[in-house]
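Novice: Here it is: the structure, laid out below.
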Amino acid sequence: MKSLSIIGCGNAGRTLARLWHDSGTFRIDGILNSTPESSREAVAFIGAGEAAANVAELPASDIILIGCPDERIRSCCERLATGGRLGDGSILFHLSGALSSCELAAARHAGAAVASTHPLMSFADPAAAIENFAGTWCGCEGDPAALERLEPAFESIGARLFRLDAADKSLYHAASVIACNYLVALEEISLRTFEQAGVERRLALQLLEPILHGTVNNIVTLGPTAALTGPIARGDADTVARQLELLDSRDAETAGLYRRLGWIAAGLAEIQGKAPAERLARIRELLQE
């Protein structure tokens, strides 16, 4: 059984280590966090491993995971490389969605194979993440020698894997941010607009719940073009004009967002082919104004 040590064993590291320990995929060796207390808490949660006080105390494990925040990945890697903890046959990887395995260049120069694997899920609650991890998509890139070892390890705990290009890692992460984080921001703007219309925020959330669930389901099952509904999909230029008039008078920032997103929706409506071309042309004129 291959051994694994972890530097920066937060929620994601604890979840993965516990799953690997329970499944017998890896033997958990050393855990190094920013404080001894945090290291001991991680060991207790995983049910295996030993808390290390510093890099020098980490065992010479076959595989090392860096699970710390993005801004510290490179410095952690350099400490490992200069501390003699890496060499030919070692594997080092991180979990960042925004950074590629190129952040681990110092380890590669020391003879290790490096990679990054990004699970597309929330680890806010490790106990819940353990129960829900199976089926999670994980984006992988890095050295073939590292991926040959890591991909079966992730598959052993139910992950579904896809390959990424290191050069496009930031673009991949931006796509994830737009889909998830910006959806949250968009719903906040929707709630503010509801409030301007006199609908209390708590009620607005209840009104949105079935619409959001239905829309997301349609996007996933039908694709964005077929999922588009509403005034632009119908070619209802009069409704768009009235909404823009009110938004322009109440909230210029939201009106600008309405126009930018509306332009994309108009393109989808054109592909959809249900709205008359002359009505979509009028809507585009309104959106430009």
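The values are calculated or read from the model by the stated rules, or taken from the named source; none is laboratory data. For clarity, every value in this text was computed on a predicted model and none was experimentally measured. Glycine also receives a Cβ, built like all others from the backbone with ideal geometry; neighbour counts cover every protein chain displayed. Ligands, DNA and RNA are stripped out before the accessible areas are found, and what is left, the full protein with its side chains, is counted by its heavy atoms. Shrake-Rupley method; radii C 1.70, N 1.55, O 1.52, S 1.80 Å.
Novice: With a sphere of radius 15 Å drawn around the Cβ of Glu148, what net charge do the other residues whose Cβ falls strictly inside it have (Lys, Arg +1; Asp, Glu -1)?
Specialist: Surrounding charge for Glu148 is -2.
Novice: If you don't mind, there's one more thing I want to ask. To the nearest 10 square angstrom, how much accessible area does Asp251 have with a 1.4 angstrom probe?
Specialist: We get 40 Å² for Asp251.
Novice: Who wins for biggest fluctuation among Ile91, Ile232, Ile28 in a Gaussian network model of the chain, springs between alpha carbons below 10 Å?
Specialist: So, out of Ile91, Ile232, Ile28, the one fluctuating most is Ile232.
Novice: Add +1 for every Lys or Arg and -1 for every Asp or Glu among the other residues with Cβ under 13 Å from the Cβ of Gly30, and state the total.
Specialist: -1
Novice: Right, another one. In nm, to one decimal, how far is the modelled label at Thr225 from the one at Thr239, with both set 7 Å along Cα→Cβ?
Specialist: 2.2 nm
Novice: Taking a point 7 angstrom from the Cα of Ser176 along the C-beta vector, which residues in the range 68-84 have backbone N less than 13 Å away?
Specialist: Hits in the range 68-84 for Ser176 at 13 Å: 70.
Novice: From the protein chains alone at 1.4 Å, what is the descending order of accessible area for Asp236, Asp88, largest first?
Specialist: Asp88, Asp236
Novice: Quick check: the distance between the Cα centres of the range 254-268 and the range 165-234, to the nearest angstrom?
Specialist: 13 Å
Novice: Which value, in debye to the nearest 20, describes the size of the charge dipole of the range 133-192 about its Cα centre when Lys and Arg Cβ atoms bear +1, Asp and Glu Cβ atoms bear -1, and nothing else is charged?
Specialist: The calculated dipole for the range 133-192 is roughly 160 debye.
Novice: Which sequence of Thr35, Thr25 reflects their accessible areas, 1.4 Å probe, from the largest down?
Specialist: So, going from the largest accessible area down, we get Thr35, Thr25.
Novice: Here's something else I'd like to know. Test of understanding: in a Gaussian network model of the chain with alpha carbons linked when under 10 Å, which of Leu261, Leu205, Leu186 would top the mean-square fluctuation ranking?
Specialist: Top of the fluctuation ranking is Leu261.
Novice: Leaving ligands, DNA and RNA out of it, work out the accessible area of Phe133 with a 1.4 Å probe and give it in Å² to the nearest 10.
Specialist: Surface accessible to solvent at Phe133 totals approximately 0 Å².
Novice: Compute a Gaussian network model of the chain, connecting alpha carbons closer than 10 Å, and tell me which residue from Arg149, Arg242, Arg85 fluctuates the most.
Specialist: Among Arg149, Arg242, Arg85, the largest GNM mean-square fluctuation belongs to Arg242.
Novice: A further question on this structure: Among DSSP beta bridges lying fully in the chain, give the percent that are antiparallel, nearest 5.
Specialist: Just about 20 percent of them are antiparallel.
Novice: Continuing with this model, one more query. If r is the Cβ-Cβ distance from Glu50 to Val184 and R0 is 41 Å, what FRET efficiency results, to the nearest 0.05?
Specialist: FRET efficiency, Glu50 to Val184: 0.55.
Novice: Among DSSP bridges having both ends in the range 18-173, what percentage is antiparallel? Round to the nearest 5.
Specialist: So the antiparallel bridges in the range 18-173 amount to around 25 percent.
Novice: What FRET efficiency, computed as 1/(1 + (r/R0)^6) with R0 = 35 Å and r the Cβ-Cβ distance, is obtained for Ser75 and Gln196, rounded to the nearest 0.05?
Specialist: Computed FRET efficiency for Ser75 and Gln196 comes out at 0.15.
Novice: Could you work out how far apart the two model spin labels at Asp88 and Leu207 are, taking each label as a point 7 Å from the Cα in the direction of the beta carbon, and quote it in nm?
Specialist: With each label placed 7 Å out from Cα toward Cβ, I get 6.9 nm.
Novice: Under a Cβ-only charge scheme (Lys and Arg +1, Asp and Glu -1), can you give me the dipole magnitude of the range 16-106 about the Cα centre, in debye to the nearest 20?
Specialist: 0 debye
Novice: Measuring with a 1.4 Å probe in the full set of protein chains, what accessible area per residue, in whole Å², belongs to the range 139-183?
Specialist: Here the residues of the range 139-183 average 56 Å² of exposed surface.
Novice: For the range 118-123, just list the computed ³J(HN,Hα) in residue order, Karplus coefficients 6.51, -1.76 and 1.60, θ = phi - 60°, integers in Hz, with x standing in for Gly and Pro.
Specialist: 10, x, 8, 7, 8, 10
Novice: Find the accessible area per residue for the range 185-231; the probe is 1.4 Å, ligands and nucleic acids are left out, and the unit is Å².
Specialist: Averaged over the residues of the range 185-231, the accessible area is 68 Å².
Novice: Working only with C-alpha atoms, what are the Rg and Dmax values of the chain, expressed in angstrom?
Specialist: 24.3, 71
Novice: Something else about it: Where does each of Val220, Val240, Val199 land when they are ordered by accessible area, with a 1.4 Å probe and the largest first?
Specialist: The most accessible residue leads, giving Val220, Val199, Val240.
Novice: How much accessible area per residue does the range 37-101 have, in Å², with a 1.4 Å probe?
Specialist: I get 44 Å² per residue for the range 37-101.
Novice: If you don't mind, another one. Taking the full set of protein chains and a 1.4 angstrom probe, give the accessible area of Cys140 in square angstrom, rounded to the nearest 10.
Specialist: 0 Å²
Novice: With the full set of protein chains in place, find how many percent of the accessible area of the chain is carbon and sulfur; take the probe as 1.4 Å.
Specialist: The value for the chain is 54 percent carbon and sulfur by accessible area.
Novice: Testing the spin-label approximation: label points 7 Å from Cα along Cα→Cβ at Met1 and Ser38. State their distance in nm.
Specialist: Using points 7 Å along Cα→Cβ, the separation is 2.7 nm.
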